[in-house]
Amino acid sequence: MSAMDFEFEGPVIEWRGPAPFYFVRVPEEESEDIKLAAKGMEYWGQVPVVVRIEDAEFTTALFPKDGRYLIPLKDVVRKQVGIQLDEVLTVALNVGRP
């Protein structure tokens, strides 16, 4: 892995607004490391990333929340992989765009 590659486990959480949104919560230590690696790449606090969960790879932007980052889970990815609320996922993440 390069200096901007990360691998960790995190729980799937739900944010309930007008429609539910699902996220993976990035652990605190990795959030700090990502913040350092993303210096100069962030916009409005969000960080562009490429994420791999099982066989699914997708681009998105991390959301800052309470000193950590959240990875938005696209519905197509959740359905493809069979991701459930409260499940703990292994995530591989690369900071930046491909």
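Take the Cβ atoms of Gln84 and Glu29, set R0 to 25 Å, and the FRET efficiency comes out at 0.50.
Between the beta carbons of Arg97 and Ala56, assuming R0 = 25 Å, the FRET efficiency works out to 0.90 to the nearest 0.05.
The loop-placed GluC sites (Glu not before Pro) in region 1-82, going by DSSP, that have at most 14 neighbouring Cβ atoms within 10 Å of their Cβ come out as Glu54. Helix 28-37 axis versus longest C-alpha principal axis of the chain: approximately 50°, rounded to the nearest ten. List the chymotrypsin sites (Phe, Trp or Tyr not before Pro) within the chain that DSSP assigns to loop and that have no more than 16 neighbouring Cβ atoms inside 10 Å. Passing both the DSSP loop test and the Cβ count: Trp44. Of the accessible area of the chain, computed with a 1.4 Å probe over protein heavy atoms only, carbon and sulfur atoms account for 51 percent.
Sequence-distant contacts, meaning Cα pairs under 8 Å at least 6 residues apart, place the relative contact order of the chain at 39 percent. Computed on the Cα atoms alone, the convex hull of the chain gives a volume of 102 cubic angstrom per residue. At an R0 of 22 angstrom, the distance between the Cβ atoms of Glu14 and Lys39 translates into a FRET efficiency of 0.15.
The values are calculated or read from the model by the stated rules, or taken from the named source; none is laboratory data. Here the structure is a predicted model, which is why all the values come from computation and not from measurement. Methodologically, a virtual Cβ is constructed for each residue, glycine included, from the backbone with ideal geometry; neighbour enumeration extends over all protein chains shown. Accessible surface is based on the protein model in full, side chains and every heavy atom, while ligands, DNA and RNA are left aside. Shrake-Rupley method; radii C 1.70, N 1.55, O 1.52, S 1.80 Å.
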